[in-house]
Each structure stands twice: as structure tokens, then as C-alpha cells.
Amino acid sequence: MGNKRTPQTIGGLVLAGVVTVAGITAALPGETSTVQAALAKTATGAQTKAAQASPSVTVNGMTVTVNEVFYDGSRMDIGYAIQMPKTQNEAEALKMAQNIKLWQFTVDNSDKPVPYKGSQEVERVNGNQFKGIRNIEFTEPLPDKFTLHAKVAFGNDVTDPKTTGELDIPVAKQQKSGVGAGGSATPAPDKAKEPLPKHVQQNYQKLLEAEPLLKGLKMTGYSKSPMTDNGQIRGVWGIVLHETGNFDDKGKMFAAMQFDSTTGELLDYGSFGSPTFREEPKKSTQTEAFYRQKAAEFFQKLLGDEHVKQYQKSGTLEISMRTYNKTVERQTGTAQFDYKGERFQIVVDVNGYLHTYNRIPLSHLLKQR
């Protein structure tokens, strides 16, 4: 993860203020790059359809509920849950869930479909419960705040009223919120439409304590997304830090991380341009014992005793050279272990700094093979 990430798409944030979502490639059957329709502006004073906080629609016992929406002015990511009837077998339920389509989007009281291009992906949570993400890129401008009406097809015939429904989704443009120096997780009230949840702030502080080097950086922004950088469909909060707060200052240290929006747990972290990569290290090489000890210390601070015991019992370590900025090579140690259906991985650099951290379900790793 750490070597693949670029400054333009770190922590789910694009530095120009655009949120990106990785790992979505499947296009809907028959979906074209643009829909041949024009957006009609809502008449002044017209009343719009009422939109629920968590829009939901049920057809023939199948329920789709929207639980997260991110919109930056042109791109939209809709995270949603699917509940299939318990009477269906799991194989059939998966096939039917993957066949559910969110399509034909209109805005407020306009009946004309909005031109767009996009993709959709669905995966099983457990049993007959599923989660999906709908990625949309609108090809014509939309308001900053509106109700999006989405047709939902629960069968192959997207025009059959017996197998279709509609979601009325409240949408408001979101922007990254600037905050103060020192990695503070408390945003300025006038800039933040939705502050970081307390459970995310608590785990963010854990990370700052585990790697004090981050305390000298400035938080440049944060955002919500329904998908992680490595393609997991789960709600996350992404945070980006920078040494000066200005990404035009080249060669400075910056870091990005993602936290689970439900539990607050740190899922993904990467630092770039740290002193190890900008300056000659204190030592060009370290021993295996050094990396094992440093990894254990980081696991302890981030996860606690139970996970450290598992790492000491079954963890592996690999020492290798990493290239930064295509020119600088430094030794690093990669420690990882599997526990309770997840893989935990830490990369420590030759000076003992935390370089990257990943927490990924084993089921997601199997899907990527």
C-alpha cells in the first residue's frame, strides 16, 4: 500500500479537494459512458420530494438502505446495505444482490435523467446481508445541495414496476476542512460541516502517541468515504497531515491514514518524506531483533497486549530495501501476523520510525488473488 499511494490520492483525499475511491472497476450491464439526457434546473420556489436521513426501499422482500454518501461537486460515492430474505439460500441471495442496480438519477423535481458515468460493486457481509458502493461521475454541473432520486432495479428488467423502486437521497457538497497545527483532530467550527467522531479522534491520538513524529505535522484535511484505499467496501474517515500544511512545498514530510467509521480503528497509514528518507540514516542497516522489537512496540501502542502476544507467537519479519522518490534507498523491516480473520502489517524504517500500517480482512486478500 505505502509504495503504491501517490500524493494525489492519499487517505481517500485528492489534494485539490476531490475524494477518490479505489478498486471499483465493474460497469453495470448496458451502462454507457453518458446518458443521453440533459439536466433541467429546478424551477424557483418549487418544492422537492422529501428525503429521508437513511433512505430505504423494499421490493419483494429485498431491502436497499443508503448509509453513506459523499459528493464533492462532480463525483459521488453512495454506500448502501442490502438485506435479502432469510428464506433464500446464500448462493442465490448473492446472485440476486449483485443484480440489484442503482440507475437513472434525477435531481429535485426534475424528471430528466442526469448525464453520468460510473460503476457499482456488491459483496457479502454475512449470510443474506450485503453491502455495495455506487460510484458516479456527473458530466453536467449540479447544485451544492439537492435531493437525488435514484431508480433501483431488483431484477433484469429495469423498467418493470413490479421489480423496481426509488430512493430519495439528500445530498450536500462536502469539502475537506482545514485544521490547526500539531495534528489537532478538532476542526474549526466554521469550517467543518461534520467533525471527526470521538472514537476516530481517540484512535488518531493513539497513532500520534505511537509515532510522536506526527505531532509536528499539520492536519490539512479529512473526509468520509464508503471505501478504503485498498478497495474494501466499508465506511472510513481519511486524514491527511503535512509538514507545512502546503503540498506545494516539495520534499516535506506528509502522512495519510484511514479509520473505520463504525469502530474508529486505524485501518491504513503511510508516511512519506520522513527524516529517514530525506537525510542519511543514523545506521544504514539494523538487525532482525531491532525490527522485531520496534514492531512489537508499535503493535502494543496501536492494538494492545492480545495482538502483541499473537504477533510474538506467529508473526513473521522480512528485511528489505525500499525506494523513495525513485532515488533514495533505505532498509526497512516488514512485520505481519494473522489474527481473528485479519492481517496486520507494519513497516518500520531503519531509524525506527513507523513507515506504514495496514489492517485488512483475510477475505479481502483472497478476493484480490
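The values are calculated or read from the model by the stated rules, or taken from the named source; none is laboratory data. Here the structure is a predicted model, which is why all the values come from computation and not from measurement. Reconstructed Cβ throughout: ideal geometry from the backbone, glycine too, with neighbour counts over all protein chains shown. In case anyone asks, the SASA skips ligands and DNA or RNA and just uses the protein heavy atoms, side chains included. Shrake-Rupley method; radii C 1.70, N 1.55, O 1.52, S 1.80 Å.
Annotations for the structure displayed:
- Evaluated with a Cβ-only charge set (Lys, Arg +1; Asp, Glu -1), segment 204-277 carries a dipole of roughly 120 debye about its Cα centre, given to the nearest 20.
- Relative protection proxy for 340-351, 84-95, 119-130, from highest mean packing down: 340-351, 119-130, 84-95 (other beta-carbon atoms within 10 angstrom).
- Extreme residue, positive dipole direction of segment 308-365, given options Thr327, Ile360, Gly341 (C-beta unit charges): Gly341
- For segment 210-369, a/c is not less than 1.5, where a ≥ b ≥ c are the root eigenvalues of the C-alpha gyration tensor, and a/b does not top b/c. That puts it in the oblate class.
- Counting Lys and Arg as +1 and Asp and Glu as -1 over every other residue whose Cβ lies under 12 Å from the Cβ of Ala296, the net charge comes to +3.
- Accessible area in square angstrom per residue, segment 191-348, 1.4 angstrom probe: 46 Å²
- Within the accessible area of segment 281-344, the carbon and sulfur atoms contribute 45%, probe 1.4 Å, all protein chains present.
- Size-normalised alpha-carbon gyration radius of segment 226-307, reference 2.2 N^0.38 Å: 1.35
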